[in-house]
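Read through the structure below, which is laid out as structure tokens, and then see the notes.
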Amino acid sequence: MTEFSELGLSPAILQAVADTGYTTATPIQAQAIPVALQGRDVLGIAQTGTGKTAAFTLPMIDRLAAGRAKARMPRALVLAPTRELADQVSASFEKYAKGQKLSWALLIGGVSFSDQEQKLDRGVDVLIATPGRLLDHFERGKLLMTGVQLMVVDEADRMLDMGFIPDIERIFKLTPPKRQTLFFSATMPPEITRLTKQFLNDPLRIEVSRPATTADTITQYLCRLPTSDPKAKRTALRALIERSDVNNGIVFCNRKSEVDIVAKSLKKHGFDAGAIHGDLDQQTRMRTLEAFRSGDLKLLVASDVAARGLDIPAVSHVFNFDVPHHADDYVHRIGRTGRAGRTGEAFMIVTPNDSKNLDKVLKLIGKTPEEVTLDIDFASIKDEPRRSRGDRPERGRGRGERGERSGRDRRPREEAPAEAAIEAPEVEEAVVAEAKPSRSRRRSEAPAAEAPAPAPVAAQPERREREERRDDRHDRDRSRDRPEHRGREEHRGRDRDRDRDRRGRDNDGDRVVVGFGNDIPAFLMRAPPVRSTDS
């Protein structure tokens, strides 16, 4: 056991640590802090809940105690994958930097840019940021990273999972090459290893436990269900909570939508529960998390946004409502309990659809959790049928009207409302020689101020007459044909009519001239001369 007083920290920092109630350093703190105070790069590998935050916060405060920040040029940079983890690091600075003339700023999404810019303009020693918001300020010209002396990357493997590695590489390139880097991760995937080789300078590798191992202070349980029905899973979750002595607990779900559903279900059945996930605004997330920390909220239903790095020491239980897709996430989820020497319990609900994900988890942790049997008649819980598209209620005009035309409205055509009829687009009409004056001519004779609106297609006598003749002919054709060919021949008849119209003849085979009405020049009606073949 190593005391903090043996690590070489300044008296002011030791007093701040003592005020928090800690006297003994964890293994990662005992090995990382003396090396970081010497100015060397550190590659720390330790499972979640082992005190990595203090392992880089304390030496950073000690080294930055002397010096002064310039406007828009921070001296230290801490990168965190989530807003909650960044806020937790900020709280650690507030705790351990008492009595120090250091300033820091929290740059995360969901918060006003102007407030953050005002802090940057005054000058801060330490920037604690998520990669996206940090680059947003840089691209706005509000931040320079050429003065960074010390850089920390926390929960690097989570950065990889969230797709932040390209942003991390860009940030590394924007900082001076002669800087100290403290790099912490719970696991070391190949991509993270490549990153450390590229940007760390002869780091001291500190590995206090095998990567992705669970703490011995956590008792793990497995609850198998015979069905994958969500209603059965929610019933099992409530039964597990009721049978356990839950002081406070976190329920993890794979999807954000599932988080809301589970939280509402727990509230409906009388449990004190709140939801937190990435789609909620930042104020709601922080308010819910603070209520859980203070004990005002008993159950926190969360996505994996809350699985990494959140330091809530007194969490008694963790419930995995879903088996995580990535086995590493299981280690981080249950790492929310059994922290700081306390004991905790973790439950995982497993359905027949979770066999592949469960195999990955068991292979990673190298142990089989104890199985729990619930006294529930799952056969009596009816599956919740998935609502089909046709069962969805009509919303507004668009989908409802399309539904009538696509066959969802089973009423006969004559019963459909008249206003739902779709008018055909206006077309240029072919006029027979013996027909009435053309529409264009009638329009020209009418006064411009009293020009009537175009009549509906069905009200135009000439077209209606042609359509009636066409329908009569089609009816005769259908009566002579066999039933299986009716539809095919009907299309052929329409094609023949269309071709005949294109050749300049009407439905009766008479020649038509477009655009002249009754005033057709005589030379246009003459038959072409027959050319003689006599020589």
Restricting the calculation to Cα positions, tell me the Rg (one decimal) and the Dmax (whole number) of the stretch 2-207 in Å. 15.8, 46
Starting from the Cα of LYS95, draw a straight line to each of the lysines and keep only those under 19 Å, dropping any in the same chain fewer than 8 residues away. LYS52
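With respect to the cross-link table entries LYS233/LYS256; LYS70/LYS173; LYS197/LYS367, which display a Cα-Cα separation exceeding 28 Å? Don't jump to the answer; show the numbers that get you there.
On the way: LYS233/LYS256 16 Å; LYS70/LYS173 21 Å; LYS197/LYS367 32 Å.
LYS197/LYS367, as the Cα separations exceed 28 Å there.
Using alpha-carbon pairs under 8 Å, 6+ residues apart, how would you state the relative contact order of the stretch 2-207 in percent? Spell out each step's value before the answer.
Working: 369 pairs, mean separation 58.5, N = 206.
Relative contact order comes out at 28 percent.
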Taking amide H positions as placed 1.01 Å from N in the peptide plane, with prolines and chain starts having none, which residues 5 or more places from ARG224, or on another chain, fall under 5 Å of its amide H? VAL350, VAL372
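None of the figures in this text is laboratory data; all of them are computed from the coordinates on show. Note that this is a predicted model, so its numbers are computed, not measured.
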